[in-house]
Amino acid sequence: MKREYWNGLANRYETEVFDVLGNDKKHLILGLVKKYGSSGKTASDYGCGPGKFLPILSKNFGQVNAIDISYKFIEQTKKKYKHLSNIKYQTADLAKAGLKLEKTHFALSVNMLIMPALACRVRILDVMTKHLLKNGHLVLVVPSLESAELANFRLIEWNLRIGVKPSYAVREVFGDAKRPDYLNLCQGVVPVDGVPTKHYLKEELAAELSSRGMRVVDIRKIEYLWDTEFERPPKWMKEPYPWDWLVVARKK
């Protein structure tokens, strides 16, 4: 991963990065933290960033490891949550070969496993599953490829409804397709605000975790409103809503 990119993002994170916790209206992640939490258990927050999930993890677990590639995020988060005494902070590149971390009962990773490079994603997922204790749980939130395709469909539909011809409606969404774009899409890599971002199929997630000795307990949607995808979406644009995948898996 590129540490320089995340260090540069630290001071503008709040305005540029989607707030999953703030938009999780059904509090699904909070419910899982409470369900699996215990004062006698430990937890890791992989890619903790500015630490939005640290207060709820701190409240529900005896010890929490906050891990991020960006030393700037770690510095900011340390200052912000200095009153939480059961959090340990660590700057680490999860894609680095031979990385050793403390094994924990619970791990949380929210939209961190999104880099376009396959080799990088493989190593990070290996690290997260390897450092779970037996019967420990991983809660993973990632962008949905199905949701990205739904958003594309809605945008085409929007163009058609305002009178744009079908051929132009498609071009407005996709532009002129190029081979690199096609190869990225084959891997589920879709641009988000111009940044290539890995999106996942439901079945893909189940297969990836199963091959690493994890049993998928649940896969569900964290649904968001359409204004998280489009600026001033029309009133007719309602259900189905866009979503991220929320996966719960247990270490065999």
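Just so you know, all these numbers are worked out from the coordinates, no wet-lab data involved. The shown structure was predicted, so the numbers you read here are calculated from the model rather than taken from an experiment. Virtual Cβ from ideal backbone geometry, glycine too; neighbours counted across all protein chains shown.
Quick notes on this structure:
- Two-site FRET efficiency, Lys59 against Thr228, from Cβ-Cβ distance with R₀ of 41 Å, rounded to 0.05: 0.95
- Likely footprinting exposure, Met112, Met128, fewest C-beta neighbours within 10 Å first: Met112, Met128
- The range 140-218: proportion of alpha-carbon pairs further apart than 16 angstrom, %: 60 percent
- Cα-projected label distance for Val173 with Ser39, points at 7 Å along beta-carbon direction, nm: 5.3 nm
- Fraction of alpha-carbon pairs over 19 Å apart in the range 15-85 - percent: 35 percent
- 10 Å Cβ shell holding at most 14 others, DSSP loop, GluC sites (Glu not before Pro): longest site-free stretch of the chain: 103-230
- Mean projected area in nm² (Cα convex hull; one quarter of hull surface) for the range 85-136: 4.2 nm²
- Computed from the C-beta positions of Lys165 and Lys238 and an R0 of 25 Å, the FRET efficiency is 0.50 to the nearest 0.05.
- Projected area, mean over directions - the range 46-112, Cα convex hull, nm²: 4.4 nm²
- Potential lengthening of the chain between Arg215 and Asn23 amounts to 66.4 nm, from the contour at 0.36 nm per residue minus the alpha-carbon distance.
- For the chain, calculated [θ]222 nm from helices alone, where every DSSP H run of n ≥ 4 adds -39500 (n - 2.57): -11000 deg cm²/dmol
- Cross-link partners for Lys251 among the lysines, with Cα-Cα distance under 21 Å and sequence neighbours closer than 8 places in the same chain left out: Lys34, Lys35, Lys41, Lys100, Lys103, Lys130, Lys134, Lys202.
- Tyr71 versus Lys88: modelled label distance in nm, points set 7 Å from Cα along the beta carbon direction: 2.0 nm
- Shape summary of the chain, radius of gyration then Dmax from alpha carbon positions: 19.0, 61 Å.
- Cα convex hull of the range 116-156, projected area averaged across orientations, nm²: 4.0 nm²
- Equivalent ellipsoid dimensions for the range 100-250 as semi-axes, Å, which come from the Cα gyration tensor, largest first: 34, 17, 11
- Whichever aspartates and glutamates have a C-alpha closer than 18 Å to that of Lys72, once near sequence neighbours (fewer than 8 apart) are set aside: Glu4, Glu14, Glu16, Asp45, Asp93
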